[in-house]
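Colleague: Here it is, the structure, as structure tokens.
The values are calculated or read from the model by the stated rules, or taken from the named source; none is laboratory data. Just so we're clear, the structure is a prediction, and the values are computed from it rather than from any experiment. Counting neighbours? That spans all protein chains shown, and the Cβs are built from the backbone with ideal geometry, glycine included.
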Amino acid sequence: MSEHGWFLDHERYWVATNEADAYPLRQGDLIRDLIVDGERWTAAQIVHPTCELGKPSVGRVQVARVRALDDIRDAAGRRLVTLGYRDIGGKHVVAVAHTFFLAPWPNHDKPAFVDFRELATVERNAISQEARAATMTHDCRVSWIRRWIYFRLRLIMTFARVREMEARRIANDPRFEGPRPEWAPLAV
């Protein structure tokens, strides 16, 4: 990721398929083949809740629609989604803030994007390890949270600042499951 970039290098997006079972479902993970209001979504990304998906009290899950990058007809529009910003007079200005670029994931060789404007809630039982198409890395989730904060609140935060906040949250969560990022050791 460059100093001005929104997104990670492609190889830093997804947990390797042979390691994914060690990670519980979380915000950012992709789910395949959901039916939303009678329409089939090829894929969706978990938006909310994040680490509470295993709690019995969670009955519904918020997801955002995943679309193929090729759904954007013009090359300039695809480039804006891929970069997340445009250059205007030598300054990087956020572009298409309602999107998050998705590098190709295991068993899916084409890039895509999440449209934060296309949100839905689905029954918790539609979200499962078996339905998971890809498991987001901790660093990619930080990148996702950074973009989400900008989309929702129009606050520009650095990757380092968001990772620091996420590290504090994870370090103080005694029920955190799955492999911990090295940047969020258990608080003592």
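Colleague: Determine if the stretch 11-27 includes at least one residue that is outside any strand (DSSP E or B), within 13 Å of the chain's Cα centre (by Cα) and polar (S, T, N, Q).
Modeller: yes
A quick yes/no check of all residues on (1) crowded, with 21+ Cβ neighbours inside 10 Å; (2) among the basic types (K, R):
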position: D109; (1), (2): no, no
position: F116; (1), (2): no, no
position: A120; (1), (2): no, no
position: Q129; (1), (2): no, no
position: A133; (1), (2): no, no
position: M136; (1), (2): yes, no
position: S143; (1), (2): yes, no
position: R147; (1), (2): yes, yes
position: Y150; (1), (2): no, no
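Colleague: Would you tally the residues in the stretch 166-176 being under 20 Å from D29 (Cα atoms) and modelled with pLDDT of 90 or more?
Modeller: The number of residues fulfilling the criteria is 4.
Colleague: Another question, if that's okay. Taking the stretch 20-65 as the search range and keeping residues that are acidic (D, E) and free of Cβ contacts under 8 Å to residues at least 24 places away in the same chain, which one is surrounded by the fewest Cβ atoms within 10 Å (Cβ to Cβ)?
Modeller: E39
Colleague: Under 25 Å from P49 (Cα atoms), in a strand (DSSP E or B) and modelled with pLDDT under 95: which single residue out of V122, V93, V114 fits that description?
Modeller: Among V122, V93, V114, only V122 is under 25 Å from P49 (Cα atoms), in a strand (DSSP E or B) and modelled with pLDDT under 95.
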